[in-house]
Structures are given as structure tokens and as C-alpha cells.
Amino acid sequence: MKYEEKYGWVLILILCGAIYAGFLGNGFHYDDEHSIQQNSHIRQLGNIPDFFADPSQFSVDADKSMYRPLLLVSYALNFALGGFSVRGYHVFNLLLHAFNACLVCWLARRLSGDARIGLVAGLLFAAHPLCTEPVNYISSRSDSLAAAFCLLALGFFVQAEQEGQPRKRTWVRLCLVLGLLSKESAIALPAMLLVYDYLFLSRQQWPVLWAKFWRRHGAYWGLAAGYMLVLVLNGFLGRSLGKPVRELGVQAATQLKALVYYPYLLLMPARLNVDHQFFAQQGWLGAGVLLPLALVLSAAWLLWSHRRQQDQALFLILWALLALLPVMVMPLNVLVNERRLYLPCASLCIGLAWLLRAGRIRCWVLVGLLVGVYALGSWRRSQVWADELSLWTDAVKKAPLMPRAHLYLGNAYKDLALQGNTSRWVDAAKQYQLVGDLDPRGDLGLRGLNNQGSVLFVLEDFNGAERAYRRALELSPRFEDALVNLGNVYFQKSRGPVDVAAKTALLHQALDSYQEALAVRPNHYQAHGDVGVAYQELGQYEEARAAYARALHIAPNDGQVLKNMGSLFAAQAQELPPDKRGPYLRQAREYYSSALSFGYPQAREGLDQVERLLQETR
């Protein structure tokens, strides 16, 4: 057995560990909040059967539903083993990427018959900087998980047809099903297998391909059709198509433009970004559309009239295009992102390894230099993923015209301000203002306006905050966050110099606003927590406790809600005789302590007071 074949996978695993092992403590990001941190569905393994039937299990927010049950199973296993410890989630993502790099090595060796090509391809994929997002961004696991099953299926298909082992087709079918249950993009796999058959098995003879189509491919296309039927029956496809984020013509022109941008990212992964400065294409004229359209037509012409020696390159190019096709057809909020290139990146790495070998460049020093440059780029990029502040600061620096980057940088500043760095309120307000300037009537501008109101609220400009929330609600009357925040304005005004009747009326206005938000989004944990605060202020302790419990069921590590629950038990204790306060005070101490453990220092004063009262009861 050759050295490359015997020890290649070991080298790939060592390389992955060397690049990423130091970043297992990087934080949760972006969609992780609604799909992992606040998603109560993944906290019980008994919910796993529901993942395969109900797309709403994907998120705490039903509007963000996705049918990715196998992805949710992986989250549930992570939670069962380590709760909200981010390290376990990163370990899973890293091991999955290492496994995929080994699969690239195996598949490249199968396609080329050369163990050296396989090793080089695997090392390049392990180190390529474009893979940093699927490793560091936990929600991007859907892409690497689906890619794993696509790579396995391709390998098994090649093995089955090259070695005459039709039983291996069963493994191909299983991998297809598992890939579809991980992410919708795996639906391109049957077309990839068909292209391989046409180029290498049927020898570019359509009659031969169609003669064996049903025997070789019928099951794969049948499974894909069955999957589409499942998406129709569970309502996911209808909801997705019923609310397109842009017109189909704009989507098509934009994604054609992306066909130039994506190869640039693959070949020059130097300015990677979580939110690339890339805009929708409103028309069909101009180089942004005509150039990629010419490339697509050229690829189609090559498919029809290519020469035999182009087979390998053509297969890898069509593999990459087919992998991108599902996200190009379906209009998504984000126009382009790096995780969509995870599977095309495998194609690129196999092609590079093939090119090095075909050009008789046998110098391992050159290969080592390329892998080293990639590895250094991945290591430096992983540093950016450390936390929200570093991630979105980098995004704004590279894409200053993207409102999403400013919005999330503002959120990062706001979180720092809430943790005690009050100077960051001004920075957050500036970012939210920029969001409104860049997207004045869009969804992101709406969220920026709402968050700007939140900053004014904290700075005690309650009238200014109320005006901001009302402007947001004029644009979107069912915007639940603005409804919650408007309720907070009413609540805060109830604590001002007003008589009892006015105070009670303001509290009920606040409750009405919170309940209106919950009617839109029942799992809005902040709204449940605020309902609890309003009921506590009204002296309705049982209702307050029930509201806090619902909030903690959704977000069990939220320090503010934990602190509020502690204050509720402390308040009830002080209304009892000293000899009966003990159970309530101990409950209050438990909640205050939990709030402190989750980084909410405002609970310290309440905990100290409870400890003094406990001393008095002994």
C-alpha cells in the first residue's frame, strides 16, 4: 500500500486539528440564537420523531421554519451531551469537516485512480479558507452535513459502477435520503450522478444513457420526487414559495451575476466575509449578467461538443454548478454566502490536485506551500469568528454598504452596553442609524429603527423611544419586537409620577401590547418575561410566575428573566411572617445565583439581600 493511501487520512485529520482546535470556544452566531439557543424543541431527545414531521421544530420562530430533521437530531444530541456549552457544537462541526476532507481524498482517488491526487485534494479541502464558515458557524452545519452524504453517495456510485457492484446502489440511495433530510440542496445529487454516467459510463452516448436510465437512476429521481412531495404535504414548500423575498426575474439575474462572484471567492479566498457586499441585479443588461450567461452557454456547448480529454474538468465544473443550482433557483434573504460553496469547494480541490498531477508537478514543496497558505488563511479567518463583535466589525469593514452588517454590529455593541460598558450605547445608536439610512423601508431598516428605539429607551428618552417604535409599527403593524418594546415604554411610564389609576391603566396597556406580540409570535421569550414583570407590578404573583416560567422554558439561560423570577420569590417572602419565608428565600437565592452564573451582574444586589434575610430567619 502506498504511503499516500496508508497515511493520507491521518495527515488530513492532523491538519484539521492544527487549524481549528484552538477555536472550539468561539461563540454562537447569527441564526444560532433562534435555531439552537432559544429552540426548546432540541432539548428533549423524545422530540426527535417530531423533527421528521413538523418543519416548525427548526426554530423558536415559526416564520423561520425549515425541514432539516437530521440537522435537528444533531443539535439535540449536542444538547443532550453538553447543554449550551458551545465547545461541543464546535467539536461536532470540526469532526464533520475532517470527515468530509477524508471523503474528498477517497472520492478523488476513486475518480483518478491515483492516491497522490486523493491526498492532495483532501489536504487542500481540509485547509481551504472557504470552509471556515461551516466549521465556525454552527448553523452552517446543514451545509457540511448534506455535503458529507453527497460525497459518500458520489463515491459509492462510482465504486458500484466501476467495480460492477450493484448492491452499492443501496448505499447511494440511503445517502441521498440522509442528505435531503439534512438540507434541501442535496436534491441536486441525482443530477450529479446522471452527469457522471453520461460522461464516463455511457461515453457521451444519449441512447446508451437512456437505455440504462431507470435501472441506474430511477430510484434516485423517485426519492427526490418523494422528498418534494413531503415538502408539499408538510407545508414547507408552500410557505416558502408563498412569500418570495424577490421576484423570480430579479432572482435569476442576480444569481447569474453570482456565477462570476463565486469562482472569484473559490480561487481568491482572501477577503472572506459573513455578509458580502453584493447587490440584487434589477435588469438583464450589463456585464454582471451577460458575462455569466455567456459562461453558462459555453458550458452547455462544451457538454454537447467537448472532446474526451475534457471529461474530468467538465464533470467537476458541472458538479459545482449543480450544487449551487437549488440556492440559485430559490429566492433567499441572503444573496450570496460562503457556506453555499462548501460542496463546490470539494470539486475545486479535486480539480487543483488533478491539475498538479496532470502537469507533472511532483514537487511536494509546492503542494505544501499551497496547503500552508490555505491553512494560515483559515486560522486567521477563524479568529474573526471568535464573537459577535469581531465578526461584525470585520463585516462592516469589508462591506460598509450592507445594512445587515451594521445591524448586527449594533447588536454586538448593545450587548456590550448591557454588560456594563455603557459607552457602547452611542456606538450602537450610530450603527442603527446607518441601517435606517441604507434600508429605509426594508425589513432590516425596520429592525434598525426598532433597535434605535431600544437605545433611546435605555438612555431614558422614553418619548423618543415611543416615536421610534410607533414609526416601526406604521411600517409593519405586526412587528412583534416593536410591540414588546412599546409595551416596555408603557410599563416604564407607569413607574413615573402618576396616580394609582393612571399607573394601573398604563400597566394594562403594556400587557395588551405584550399579548399582541405573543399573538404574532407565541415563543417570544422576552414578551413572556415582560408579561411577568407587569403582573408582578400589579401584585398578581401567580400570573407573573407562570409568565416567567414560560420565558425560561424557551430561554433557560437568560439572566434577566432568572433575576426577575428571583425578585418575585423575594417579594413574596417579604409579605410573609419571618418563620415562613425560608422556602421562598431559598428559591430566590437559586434564581439569583443562576442569573449571576449566566453573566447577569445586576442579580448581585438581590442575592445579597436574600442572604441577609436568610441569616435573620435562622
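The values are calculated or read from the model by the stated rules, or taken from the named source; none is laboratory data. What you see is a predicted model, and the numbers here were worked out from it, not measured in a lab. Cβ coordinates were reconstructed from backbone atoms using ideal geometry, including for glycine residues, and neighbour counts include every protein chain displayed.
Report those helices (runs of 4 or more DSSP H) wholly inside segment 508-601 carrying at least 1 residues which are touching a Phe, Trp or Tyr at 6+ places or on another chain (Cβ under 6 Å) and closer than 19 Å to PHE491 by Cβ.
525-537, 541-554, 559-574
Checked against (1) in a loop (DSSP other than H, G, I, E, B); (2) among the charged types (D, E, K, R); (3) within 26 Å of ALA62 (Cα to Cα), GLU460 passes all but condition (3).
When residues in segment 384-435 are screened for being closer than 19 Å to GLU33 by Cα, assigned to a helix (DSSP H, G or I) and of a type in the set (D, E, K, R), 4 of them pass. Among what's in segment 478-497 and is surrounded by fewer than 15 Cβ atoms within 10 Å (Cβ to Cβ) and farther than 16 Å from ALA527 by Cβ, pick the residue that is farthest from the chain's Cα centre (by Cα). Out of the qualifying residues, it is PRO497.
Restricting ALA186, ALA224, ALA252 to residues that are crowded, with 20+ Cβ neighbours inside 10 Å, under 28 Å from ALA313 (Cβ atoms) and not β-branched (Val, Ile, Thr) narrows the list to ALA186. Does LEU355 fit the bill of being part of a helix (DSSP H, G or I), assigned by TED's automatic domain parsing to the domain that holds LEU259, surrounded by fewer than 21 Cβ atoms within 10 Å (Cβ to Cβ) and more than 24 Å from the chain's Cα centre (by Cα)? Against the criterion (part of a helix (DSSP H, G or I), assigned by TED's automatic domain parsing to the domain that holds LEU259, surrounded by fewer than 21 Cβ atoms within 10 Å (Cβ to Cβ) and more than 24 Å from the chain's Cα centre (by Cα)), LEU355 qualifies.
Would you please name the residue that is farthest from SER593 (Cα to Cα), looking only at residues in segment 538-559 that are surrounded by fewer than 18 Cβ atoms within 10 Å (Cβ to Cβ) and in contact (Cβ under 8 Å) with a residue 40 or more places away in the chain? Going through the qualifying residues, I end up with HIS553.
Does GLN574 satisfy the criteria of being more than 18 Å from GLN536 (Cβ to Cβ), over 34 Å from the mean Cα position of the chain (by Cα), not assigned by TED's automatic domain parsing to the domain that holds HIS528 and not charged (D, E, K, R)?
On the way: more than 18 Å from GLN536 (Cβ to Cβ): no; over 34 Å from the mean Cα position of the chain (by Cα): yes; not assigned by TED's automatic domain parsing to the domain that holds HIS528: yes; not charged (D, E, K, R): yes.
The answer is no for GLN574.
Pairs are defined by a Cβ separation below 7 Å, a sequence spacing of at least 6 or placement on different chains, a first member in segment 74-86 that is closer than 18 Å to ASN136 by Cα, and a second member that is at pLDDT 95 or above and outside any loop (DSSP other than H, G, I, E, B); the pairs so defined are SER74/PHE92; SER74/ARG141; SER74/LEU145; ASN78/GLY88; ASN78/TYR89; ASN78/PHE92; GLY82/GLY88. Annotation note: of SER35, SER65, SER56, the sole residue that is in the same structural domain as ILE187 (by TED's automatic domain parsing), in contact with a Ser or Thr (Cβ under 6 Å, 6 or more places away or on another chain), surrounded by 22 or more Cβ atoms within 10 Å (Cβ to Cβ) and of a type in the set (S, T, N, Q) is SER35.
Residue check: is GLU605 at pLDDT 90 or above, of a type outside the set (S, T, N, Q) and out of contact with any Cys (no Cβ under 9 Å at 6 or more places or on another chain)?
yes
Looking only at segment 110-141, residues that are basic (Lys, Arg), touching a residue at least 60 places away in the same chain (Cβ under 8 Å) and surrounded by fewer than 24 Cβ atoms within 10 Å (Cβ to Cβ) come to 1 in all.
In segment 56-73, what count of residues is obtained for those that are free of Cβ contacts under 8 Å to residues at least 60 places away in the same chain and either touching a His at 6+ places or on another chain (Cβ under 9 Å) or at positive phi (or both)?
So in segment 56-73, the residues free of Cβ contacts under 8 Å to residues at least 60 places away in the same chain come out as 56-59, 64, 72-73.
Now narrow it down to the ones that are either touching a His at 6+ places or on another chain (Cβ under 9 Å) or at positive phi (or both): 56-59, 64, 72.
Of the residues in that region, 6 qualify.
With respect to (1) under 30 Å from ARG604 (Cβ atoms); (2) crowded, with 22+ Cβ neighbours inside 10 Å; (3) modelled with pLDDT under 90, the lone exception for GLY436 is condition (1). Applying the selection to segment 408-425, what residues are more than 22 Å from the chain's Cα centre (by Cα) and either at pLDDT 90 or above or of a type in the set (Asp, Glu) (or both)? Those that are more than 22 Å from the chain's Cα centre (by Cα) and either at pLDDT 90 or above or of a type in the set (Asp, Glu) (or both): LEU416, ALA417, ARG424, TRP425. When segment 142-167 is filtered for residues that are acidic (Asp, Glu) and touching a residue at least 40 places away in the same chain (Cβ under 8 Å), the ones remaining, listed by number, are ASP143, GLU161. There is no residue in segment 499-515 that is surrounded by fewer than 20 Cβ atoms within 10 Å (Cβ to Cβ), at pLDDT 90 or above and under 27 Å from ASN421 (Cα atoms). Residues that are touching a residue at least 12 places away in the same chain (Cβ under 8 Å) and charged (D, E, K, R) within segment 444-466 comprise ARG447, GLU466, listed in sequence order. Within segment 374-394, residues that are without any contact (Cβ under 8 Å) to a residue 12 or more places away in the chain sit with their Cβ atoms under 8 Å from residues that are not β-branched (Val, Ile, Thr), at 6+ positions apart or across chains, in these pairs: VAL384/SER390; VAL384/LEU391; VAL384/ASP394; SER390/GLN383.
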